[in-house]
1. At 222 nm, what helix-only mean residue ellipticity would chain B give, in deg cm²/dmol to the nearest 500, using -39500 (n - 2.57) for each DSSP H run of four or more?
2. Just the Cα atoms of chain B: what Rg and Dmax do they give in Å?
3. I need to check one value: relative contact order of chain B, counting alpha carbon pairs closer than 8 Å and at least 6 residues apart, in percent.
4. What is the order of B:315, A:20, A:97, fewest Cβ neighbours within 10 Å to most?
5. Does the protein assembly as shown come out rounded, prolate or oblate, given a ≥ b ≥ c as the square roots of the eigenvalues of its C-alpha gyration tensor, rounded meaning a/c under 1.5 and, failing that, prolate meaning a/b above b/c?
6. Given R₀ = 22 Å, FRET efficiency for residue A:14-residue B:397 by Cβ-Cβ distance, to 0.05?
7. In what sequence do B:602, B:122 fall when counting other Cβ within 10 Å, fewest first?
8. Given 0.36 nm per residue, what is the gain on full extension from residue B:378 to residue B:444 after removing their alpha carbon distance, in nm?
């Protein structure tokens with residue numbers, strides 16, 4: 001075989017192996033955290049599955065309860081449209097976690113609530129909200 | 001100046017760019033040089049108008065003119081001047097204008113540098129730059145105009161301000177540096193496109209675009225690293241890379257750009273791989289636009305949630321149209337792109353570069369695949385499957401290790417064909433040392449990828465040192481120089497080669513740092529005063545906990561005494577839990593922020609985050625991490641920047657100074 005064909009064969013072989021590797025990995029994830037279904041709050045409430053899933057939504061108003069015994073443990077509701085999902089999370093909460101924040105949680109549903117081991121907030125690149133007019137705004141309040 | 005001028009400037013620039021494109025196309029058809037001259041002047045005007053518009057917006061930002069919607073939404077009276085200035089790229093429309101600003105500066109430099117060069121290519125180069133400018137001008141004029149007046153039926157007394165998380169110097173300079181890289185690839189793309197259209201094959205223009213590509217590559221690399229460094233120092237999840245779509249968006253053009261920087265050497269030296277290089281630079285440019293699409297469209301769920309915008313379809317159409325045009329033109333000019341020479345042997349430097357390219361492109365494909373996987377699964381199955389970091393690590397680690405191997409093997413191969421003699425000379429020592437290190441690492445107890453990665457790092461480092469040694473000794477022998485002089489002249493005489501070796505060395509250090517992540521440890525616990533807890537062999541004792549009120553925030557400060565198992569004091573850490581705007585009557589505007597504290601050595605980082613506080617019982621909750629070898633990543637990146645600077649430093653600087 002001439003050198004030219006050897007080179008071509010090597011390049012094609014290398015590309016094929018790598019492509020195969022990438023595709024194979026997409027069907028054989030290394031662990032349950034590699035590929036996770038992203039479903040809606042409504043879907044998880046309808047299904048009875050205990051599969052690991054990812055869910056996004058808004059933290060429902062006045063639903064955050066921090067456990068008095070362990071302040072790393074928090075209970076809150078995620079709402080998406082009309083559906084509400086009770087969530088339990090143990091771990092460090094992101095700074096932007098609060099009522100009304102857009103969050104993503106990952107975990108599994110059992111015993112009527114969602115046990116999350118990952119809690120992410122969308123990092124706002126700026127303050128959300130409407131502009132304030134002169135009357136509603138007091139500079140002294142904020143900058144001391 | 002009033003903001004109206006800003007709006008008018010960008011509209012005028014759009015008009016002039018259309019006119020200029022037409023004049024250039026006419027010139028290309030009929031060759032009337034006057035058409036080219038006026039088109040070029042118009043291109044200069046376009047760039048200056050954009051620069052003026054940018055200055056107007058900056059002026060409005062700094063003088064806090066809240067009648068402009070952009071100013072009101074991204075700054076407030078309390079925003080420090082530096083961040084009023086950086087608000088230019090904090091939001092969507094401003095960042096598009098800023099993008100245009102950089103492209104315009106690059107355009108002016110290109111026009112000035114090539115005043116009397118590349119008469120055939122220049123018209124096409126300008127057409128490409130102008131088309132890209134026009135695209136962004138259309139967006140800023142019609143879709144998101146940064147000079148849009150505030151929509152409020154009252155006098156806006158103050159703006160919304162910038163998130164304190166983003167009020168950080170690194171965060172302020174990381175986007176513009178990334179942009180320099182993104183925009184920078186437009187120029188080599190324009191050159192390549194022009195060469196394709198004019199069938200130019202000389203090697204002079206290749207040197208021009210190599211310099212440009214290096215500048216863009218350095219900016220892109222620094223931007224990516226700074227982003228990671230900021231995330232590590234500020235965000236408190238203990239890592240610097242999360243395989244987030246926005247990170248991937250900058251990583252993909254970096255990968256193909258790196259491949260291009262390598263394979264362009266072959267074209268410069270051997271006039272081979274012309275078709276391949278053309279494809280690579282086009283893909284790199286398209287990926288920069290695609291990256292902007294990813295970050296701006298809201299198609300991907302990302303922690304970098306920029307406001308969802310109507311821009312997605314525009315960017316996607318632009319990418320697809322450009323893709324088709326490029327593909328069409330390449331097929332049309334296929335015969336011109338044929339190389340006269342062929343690669344002669346499997347064991348040549350040329351094939352080494354080729355394999356390196358294949359791996360880089362594969363890696364890019366892997367990242368691309370993982371990034372768009374949720375979209376594909378949603379379209380095919382109806383369920384969106386999100387891709388986590390474990391997937392990316394699973395796929396990319398082996399490919400990355402092959403790349404690391406090639407970093408060591410490639411430079412040892414000879415051009416055209418490596419003889420058996422050469423093989424013995426070049427490979428014996430690195431191989432023996434690498435194998436010895438393998439045994440040592442196995443004895444230490446490392447397994448799996450960790451062993452391979454560390455062994456390859458040793459192999460590459462030795463092979464780089466041998467390259468330097470060979471070069472230095474041959475100079476010492478031949479010119480009777482001292483070792484130091486020989487080293488300096490060696491680097492000076494062949495900046496791109498030895499600069500490249502420095503970059504390789506930097507990459508090796510970074511790989512060692514990445515390998516350290518395999519041993520990361522993490523623990524969360526609560527402590528009352530004088531209580532302690534431990535992670536691995538490190539003890540953490542809460543010795544002090546106190547509140548403090550500062551000018552713009554309120555802070556709970558914890559002092560942790562960190563000791564080793566034998567009782568030796570390692571350090572004391574002071575993570576803080578801050579609340580910005582703590583006096584704001586609206587609790588939703590109060591902004592908690594964990595100011596973390598890191599104790600860093602070459603061996604490991606001890607990383608502490610103050611997560612929460614139970615004020616009733618005075619219990620503070622912490623997240624503690626021990627991350628080995630992270631410093632190698634930062635030191636590696638310094639060397640990478642240093643090496644790139646060597647490679648792109650103009651080699652005739654002395655001559656210029658003398659004349």
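1. Values: 20 runs with 404 residues, N = 659.
One gets -21000 deg cm²/dmol as the mean residue ellipticity at 222 nm.
2. Rg then Dmax for chain B, in Å: 27.3, 86.
3. On the way: 1048 pairs, mean separation 59.9, N = 659.
Relative contact order here is 9 percent.
4. A:20, A:97, B:315
5. oblate
6. Result of the calculation: an efficiency of 0.85.
7. Least to most surrounded, the residues fall as B:602, B:122.
8. 19.2 nm
Taken together, the values in this text are just the output of simple stated rules run on the coordinates, not laboratory data. Just so it is clear, the structure is predicted and the values come from calculations on it, not from any experiment. Note that we place each Cβ from the backbone using ideal geometry, even for glycine, and neighbour counts take in every protein chain shown.
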